[in-house]
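This report concerns only the one structure given below.
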């Protein structure tokens, strides 16, 4: 059965001048407009398409992939505000509607918001909501410590950064354990640090075994700030020099600055390291 708001693999039923008709099951034949028809597509071929309602509330298909689908979360830009609500750019011709009742605060044109998408079963329309908490999974999380997960940064707090985990749960990256720039809407890989007794989830950007390196990385950044952003020491420096300055082995220092370089926190020059 074709699902509105998701990718579907549908069979081509027939070709017409203005596109293709696809077998949409209980939705009947669904039009794929000509501008989206792949070259050499013919009846009985299977196409992967996204299904949604057009501006006249007809079920329609597209081979374009939106920035967000039903059950997912994303950070989208508000492109218009009307008396009915806000409209977000989600990568399709028809913008995504957010009614006022689904806005945490009144949205403003040009600003970015973390939202989810759901199917309104009365109108059969796809609707966005910024009240993401009510769409997160309320079942106890089943993650293992050290498990790699996909994160969407949903906001910043005094503690650090809130993140949506695998489009299901919410977790926290603590500020004193983050040494790379982060902002709302960033998609990154992370790791489960632990699930607390209250079932809230603590996260890390690297596996727990790398936490020592993270701490040293933060110390290096602090020392760079104290020295106006530059230190004449590299991973090629004498081990005693590195130990006397940072109190760590050359091997650990090399891992730490490698991590900082990867996340574009520092640049490594011929004779030293520089804070970016």
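The values are calculated or read from the model by the stated rules, or taken from the named source; none is laboratory data. It should be emphasised that the depicted structure is a prediction, and the values quoted were computed from it without experimental measurement. A quick note on method: Cβ atoms are made from the backbone with ideal geometry, for glycine too, and the neighbour counts reach across all protein chains shown.
Quick check on this structure: which one of 110, 155 is under 20 Å from residue 77 (Cβ atoms), in a loop (DSSP other than H, G, I, E, B) and not assigned by TED's automatic domain parsing to the domain that holds residue 258?
From the options 110, 155, the qualifying one is 110.
Would you call residue 48 in a loop (DSSP other than H, G, I, E, B) and loosely packed, with under 13 Cβ neighbours inside 10 Å?
no
Give all pairs with beta carbons closer than 6 Å in which a residue from the stretch 65-90 that is within 18 Å of residue 51 (Cα to Cα) meets a residue that is at pLDDT below 95 and part of a strand (DSSP E or B); count only pairs at least 6 apart in sequence or on separate chains.
Hits for this filter: 70/119.
Within the stretch 173-276, considering only strands (runs of 3 or more DSSP E) that don't extend past its boundaries, which have at least 3 residues that are in contact (Cβ under 8 Å) with a residue 12 or more places away in the chain? Quick ask: steps written out before the conclusion?
Details: elements: 187-195, 201-204, 266-268, 273-275.
By residue number, 187-195, 201-204, 273-275.
Can you tell me which residues in the stretch 9-27 are in contact (Cβ under 8 Å) with a residue 12 or more places away in the chain and out of contact with any helix residue (DSSP H, G or I) (no Cβ under 9 Å at 6 or more places or on another chain)? Give the derivation first.
Looking only at the stretch 9-27, we keep the residues that are in contact (Cβ under 8 Å) with a residue 12 or more places away in the chain, and these are 9-15, 17-20, 22-27.
Correct list: 9, 11, 12, 13, 14, 15, 22, 23, 24, 25, 26, 27.
Looking at (1) at pLDDT 95 or above; (2) assigned to a loop (DSSP other than H, G, I, E, B), find the lone condition where residue 141 falls short.
(1)
Within the stretch 114-138, can you find the residues that are modelled with pLDDT of 90 or more and assigned to a loop (DSSP other than H, G, I, E, B)?
130, 131, 136
Quick grid of which residues meet (1) touching a strand residue (DSSP E or B) at 6+ places or on another chain (Cβ under 6 Å); (2) in a loop (DSSP other than H, G, I, E, B); (3) outside the structural domain of residue 186 (by TED's automatic domain parsing):
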residue	(1), (2), (3)
32	yes, no, yes
35	no, no, yes
38	no, yes, yes
42	no, yes, yes
56	no, yes, yes
68	yes, yes, yes
77	yes, no, yes
92	no, yes, yes
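Does residue 82 count as over 18 Å from residue 124 (Cβ atoms), modelled with pLDDT of 95 or more and either touching a helix residue (DSSP H, G or I) at 6+ places or on another chain (Cβ under 8 Å) or assigned by TED's automatic domain parsing to the domain that holds residue 154 (or both)?
no
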